[in-house]
Amino acid sequence: MSWRKRSNSDWLRALPGVTEDEPLATRTSFGIGGPAEFFVESGRVEAIERTIAGCVERDIPYLLLGAGTNLLIADAGVEGLVIRVVNRDHSIEGTRVRAGAGLKMMRLARIVADANLRGFEFAIGVPGTVGGAVYQNAGCWGREMNDVLVDVAGFVPGHGKQTWTKKDLHLAYRTSALREGSFMGALVVEATVHLQRGDGEEAKRMMAKLTAERNETQPIKTKNCGSVFKNPPGDSAGRLVQAAGLKGLRHGAAMVSTLHGNFIVNEGGAKAKDVAALIERVRAEVKRRFNVELETEVELVGRWK
Ligand code: EPU
């Protein structure tokens, strides 16, 4: 491919902290996927921005990685550079909370409860980072990023630093302009959310209750990627998978969860191709039985072809 030239490999190799052929499976909640050709991890925003700009100038493909909780990485790994974004700072001013993209949503949920703020309890059910949650408008229990977001500081290669409103980001059910739109490839630097003053202890009790509930309905202690499919309008993917009798279906070490039909569990050593095969079998069967086309919520990245 065009970006493969000596000068580009030299540039990549000169990035501070860069590694080659870096395993990614351990950096995903699924525990699946091949290595990154080049890999760098940074919490320094300016450095990340320079790196992204450098990749774009040189046509080097790059992938921005957070907690890796909604990804299925190909067994052949990821071409170019994988940048793991780990800026985790936060600040609270009144009812406004600003959080770095690399901060985990669950951690932020506890931080804001400690600060006696309410309205972010849903984040205790979102396994990824703040950046990832903005990217796909993550949510749980009927609440989503869109409900609390004020604005997002970001970086668009070629255009520099920007501040996006919710409107700019076109947040919709599990997607945004960052995931499929004009801001694809842009970096989420930090997000500001607006919450309400309230009783933090009450928030913690509510989160404990929600977590216990999630523990009973989702296989949260297993290696998985969260919901595999988006819920089709007016229905639930999990319900459809169950009704099609597909719970417990296996392909290699990947299995449709027996607890929740919209989860696929890596029982240990599952390959990305096993999961992809299982996804296709579930899709085909749900289409055949109910004439519903399930769309994946999990994002397939890397060298699939
Ligand atoms: N159901 C079944 N069988 C199953 C699973 C579910 O019949 O195997 C039924 C349930 O009984 C319920 C309905 O389907 O009546 C909906 O199920 P559930 O409440 O578990 O929610 P969900 O729609 O499957 C959504 C989000 C989850 C989020 C939960 C809880 C999507 C794709 N999923 O799941 O988000 O945690 O609500 O709020 O929107 C994620 O995005 O990764 C994720 C896990």
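Quick note: the coordinates plus some simple rules give every number you see, no bench work behind them. If you're wondering where the values come from, they're calculated on a predicted model, not measured in any experiment. Ideal geometry is used to build each Cβ from the backbone, glycine not excepted, and the neighbour counts take in all protein chains shown.
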Dipole of the stretch 70-179, positive end: most advanced residue of 160, 74, 119 [Cβ charges, Cα centre]: 119
Net charge of Cβ neighbours under 14 Å - reference residue 209; Lys, Arg +1; Asp, Glu -1: -2
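Sorting 188, 85 on the 10 Å Cβ count, fewest up front, what's the list?
On the way: 188 28, 85 24.
With the fewest neighbours first, 188, 85 line up as 85, 188.
May I ask for the net charge around residue 261, where only other residues with Cβ less than 9 Å from the Cβ of residue 261 are counted and Lys, Arg are +1 while Asp, Glu are -1?
Numbers: positive: 239, 247; negative: none.
Local net charge: +2.
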Total charge dipole magnitude, the stretch 71-121, about the Cα centre, Cβ charges on Lys, Arg, Asp, Glu only, Debye to nearest 20: 220 debye
Fewest-first ranking of 106, 255, using other Cβ atoms within 10 Å as the exposure measure: 106, 255
Extreme residue, positive dipole direction of the chain, given options 63, 185, 298 (C-beta unit charges): 298
Listed residue pairs exceeding 27 Å between alpha carbons, taken from 221/305; 5/305; 221/287; 104/166: 221/305; 221/287
Other-chain or far-sequence residues with amide H under 5 Å of residue 41's (modelled H): 84
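Taking 8 Å as the Cα distance limit and 6 or more residues as the minimum spacing, I'd like the relative contact order of the chain as a percentage.
Details: 657 pairs, mean separation 54.2, N = 305.
It comes to 18 percent, rounded to a whole number.
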Label-point separation in nm, residue 235 to residue 215, each point 7 Å along Cα→Cβ: 3.3 nm
GNM top mover of 166, 273, 221 - the chain, alpha-carbon springs below 10 Å: 221
Estimated vicinal HN-Hα couplings, Hz - the stretch 48-57 in sequence order (Karplus 6.51, -1.76, 1.60; Gly, Pro = x): 5, 4, 4, 5, 4, 4, x, 5, 5, 4
Relative contact order %, the stretch 90-215, counting alpha carbon pairs below 8 Å whose residues are six or more apart: 33 percent
Distance in nm between pseudo-label sites at residue 180 and residue 289 (7 Å out along the Cβ direction from Cα): 2.5 nm
Size of electric dipole in the chain: Cβ of Lys, Arg +1 and of Asp, Glu -1, about Cα centre, debye, nearest 20: 460 debye
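Using just the helices of the chain, give the 222 nm mean residue ellipticity in deg cm²/dmol: DSSP H runs with n ≥ 4 each add -39,500 (n - 2.57), and the total is spread over all residues, rounded to 500.
On the way: 9 runs with 89 residues, N = 305.
The helix-only estimate for the chain comes to -8500 deg cm²/dmol at 222 nm.
Pop the C-beta distance of residue 163 and residue 280 into the FRET formula with R0 = 35 Å and round what comes out to the nearest 0.05. Please report the intermediate quantities before stating the final value.
On the way: r = 41 Å, r/R0 = 1.16.
The computed FRET efficiency comes out at 0.30.
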Amide H contacts of residue 63 (H built 1.01 Å from N, under 5 Å, at least 5 apart or other chain): 81, 82, 83
Local electrostatic count, residue 111, Cβ distance below 12 Å [Lys/Arg +1, Asp/Glu -1]: +4
Exposed-site-free run, longest, the chain (rule: chymotrypsin sites (Phe, Trp or Tyr not before Pro); DSSP loop; at most 16 other C-beta within 10 Å): 4-140
Between the stretch 52-109 and the stretch 218-255, the alpha-carbon center distance in angstrom: 26 Å
Phi to ³J(HN,Hα) by Karplus 6.51 cos²θ - 1.76 cosθ + 1.60 over the stretch 190-205, Hz, x for Gly, Pro: 7, 10, 10, 10, 10, 10, 10, 5, x, 8, x, 5, 5, 4, 5, 5
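Please rank 28, 129, 211, 163, fewest neighbouring Cβ atoms within 10 Å first, as an exposure proxy. Provide the component values of the computation, followed by the final result.
Values: 28 21, 129 30, 211 14, 163 11.
With the fewest neighbours first, 28, 129, 211, 163 line up as 163, 211, 28, 129.
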Student exercise, the stretch 162-305 dipole from Lys, Arg, Asp, Glu Cβ charges, in Debye to nearest 20: 420 debye
